[in-house]
1. Does any residue of the stretch 375-390 turn out to be surrounded by 21 or more Cβ atoms within 10 Å (Cβ to Cβ) and among the basic types (K, R)?
2. Condition first: at pLDDT 95 or above and closer than 26 Å to I607 by Cβ. Can you find one or more residues in the stretch 361-381 that meet it?
3. Yes or no: V624 at pLDDT 95 or above, surrounded by fewer than 19 Cβ atoms within 10 Å (Cβ to Cβ) and within 23 Å of M415 (Cβ to Cβ)?
4. Considering each residue of the stretch 264-298, count those that are outside any loop (DSSP other than H, G, I, E, B) and either aliphatic (A, V, I, L, M) or modelled with pLDDT under 95 (or both), and give that number.
5. Which one is surrounded by the most Cβ atoms within 10 Å (Cβ to Cβ) among residues in the stretch 651-676 that are closer than 14 Å to G608 by Cα and in contact (Cβ under 8 Å) with a residue 40 or more places away in the chain?
6. In the stretch 121-179, which residues are part of a loop (DSSP other than H, G, I, E, B), among the acidic types (D, E) and touching a residue at least 24 places away in the same chain (Cβ under 8 Å)?
7. Restricting to the stretch 328-370, name every residue that is crowded, with 20+ Cβ neighbours inside 10 Å and acidic (D, E).
Amino acid sequence: MVIQYETSFGNCKHLGATIEDGGVNFAVWCPMASAMELLLFKDVDDINPTVIELSTRDYRSSYYWHVFVHGVKDGQLYGWRVKELVKHTPGFLFDPQKVLIDPYARRIVFPKNYNRTYGCYVGSNLNFCAKSVVIDINKYDWEDDTSPHIPLSSNVIYEMHVAGFTKDKTCKIDEKIRGTYRGVIEKIPHLVDLGINAVELLPVFQFDKNDALPGKKNYWGYSPMSFFAIHADYSSNQDIYGPLDEFRDMVKAFHKAGIEVFLDVVYNHTSEGDHQGPMYCFKGFDNPSYYILDENHRYKNYAGCGNTINASNPMVKRLINDSLHFWAEDMHIDGFRFDLACILSRASNGEPLSDPPTTLAIDSDYKLADTKLIAEPWDAGGLYQVGRMAGAKWREWNGQFRDDLRCFLRGDNNMINKFVNRILGSPDIYHSDKSDPQKSVNFVTCHDGFTLWDLVSYNQKHNLANGEQNRDGNDANFSSNYGVEGETTDAKINKLRLRQAKNFMLLNLFAMGTPMILMGDEILRTQHGNNNAYCQDNELSYLKWQITPMQREMYNFTKSLLSYRVSRGRMTFKSMYSLADAIKENRVIWHGVEPDKPDWSDTSHSIGMTVYSDSHNAYYYMFVNAYWEGLHIKIPNVPKSPHQKWLRVVDTSLPPPEDVHADAKALPEIGHFYYIQSRSILVLVAPCE
């Protein structure tokens, strides 16, 4: 039986479905429509919805359509259809039978027989379509939740996949909550023990897991269907409010543990794809406004995923800002990492803009004043803006840091000057007189590419399992296998690989800027050479919780480094943060194998430095040997205290517990001469009296 509802004209003060006294106001942008239909479903599998026709000017205000439906409550399922056009214009896709989800929907549900392919053809998708849900977003008790408000200079970011963090069978939690937001809550103590104070979650916008090659599933989630709705598959509770509440429980638990929550947000494309992709939302409402089209009205593909969001369009700009406000205000998110952020700097014709309205609007948005903004400053169309993102507040993933550290530690020539610039906060990129050192978000690995262990175990990518004949994924990995491709039982090679992994971790945490660690690098997680595991929703991508002694060694090493970096205790002279602080104060003396004689030649593979920190009243000495042979080095005197002894904090060539000394252990005294092993890093400290 079709239910009849009383309606009135409504308003467009708020887009989406807004609960008001006596019912719900529905509002949507669709400038070219002359008639619209609102469909109200009894349940997720309903194929005979109530249809409310909107065809008079009373239901339209300029570009917006709206209606107030009396008696409707939260939990109501709905969709839209564009029934008639004012006129047919080039680029506008019109299909009066297509059920469209609301671009502002806070929740999306799928029928048992959901099939995206029915959106690819002209005709009805009613039997197979996703539905939007009316949500009362205030129907949650945040208790006394507040952000930890950690300074960016003190953040250590852990990039993680919500499901992959706990989905493996080795994760000793209730099987029902593995791979869910609630499962993450159970494993927060791991991150606290490690020393992490910020997590960066791979996409949690509702995405289409079927947006992948036949037989594959989209695992990473860079395939958004909505910029507001939460991804429901990551919830152990599938009730209407289940995913929302479980996600908010997770955020609240992170905050109680002193950990900030950042989201990896995808505002550069959607899973509607190109001309062969489905129409389920944006294409049907206003294709030329939402997407960048060429002169033939075909999709420009700067995202590498079929379409590109037209971020400079005023309506799309508003959509993005409204989405950010929702996640920051209603979901208590502390920061955002913008995937392929350069796309936000492109004009409606795809050309780069010098003063892009969207990135500048986000940068200056007072509602986001306390929210951290991190850009991936490039896109798949070749636009590369590292050091040039518009807006003073933006921080950037520093791809040059990743590549130059990889090349230097691998032993490439012509790298010494680049390496030094990277650990000094990349002043050649960020111009230190105009930027603070935290402009650079430093990383060696991320979800897109090799894991840390694979970086030191493979010369080439191994992506055959993805079904694209190994054509996908980056070919420029700047990696090395050190003698054998992939896993080996050769103890000598494994020892060298572990040492290099420690070197990468140390330099990432030591360098000026904000460090980011990839999930599992602390325990040498491997993807067996796959550097593009976007479709591998299986054990290849999951974090393994049963680890070997070598993995435990890496974990303890990383934990000790992090305890030094974020230490605020009375023995602050041991803090790795103070070492970075000393470099920030720009008091650096450079050394080679002899004090005060650095080798800046093209064939140099080693460098030493002495730095002093006023705030911690300590000197530090570090020597990085990326050479494939050991070196006899002479340690410089402690400045102003030539008779004072240096104390060793780190030597990555030594076995544990000598590789890194925790606060509770006495530091070994070091004389004037030291033999540093090949591919090793030495760190010394001298607290001033």
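The values are calculated or read from the model by the stated rules, or taken from the named source; none is laboratory data. Predicted model only: the values in this text are computed from it and were never measured. Note that we place each Cβ from the backbone using ideal geometry, even for glycine, and neighbour counts take in every protein chain shown.
1. No, the stretch 375-390 contains no residue that is surrounded by 21 or more Cβ atoms within 10 Å (Cβ to Cβ) and among the basic types (K, R).
2. No: the stretch 361-381 contains no residue that is at pLDDT 95 or above and closer than 26 Å to I607 by Cβ.
3. no
4. Residues flagged as outside any loop (DSSP other than H, G, I, E, B) and either aliphatic (A, V, I, L, M) or modelled with pLDDT under 95 (or both) within the stretch 264-298 amount to 2.
5. So the residue we want is I676.
6. The answer is D136, E143, D145, D168.
7. D334, D339 - these are the residues of the stretch 328-370 that are crowded, with 20+ Cβ neighbours inside 10 Å and acidic (D, E).
This table checks each residue for (1) charged (D, E, K, R); (2) touching a helix residue (DSSP H, G or I) at 6+ places or on another chain (Cβ under 7 Å).
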{"residue": "G164", "(1), (2)": "no, no"}
{"residue": "G179", "(1), (2)": "no, yes"}
{"residue": "V204", "(1), (2)": "no, yes"}
{"residue": "G215", "(1), (2)": "no, no"}
{"residue": "F228", "(1), (2)": "no, yes"}
{"residue": "D233", "(1), (2)": "yes, no"}
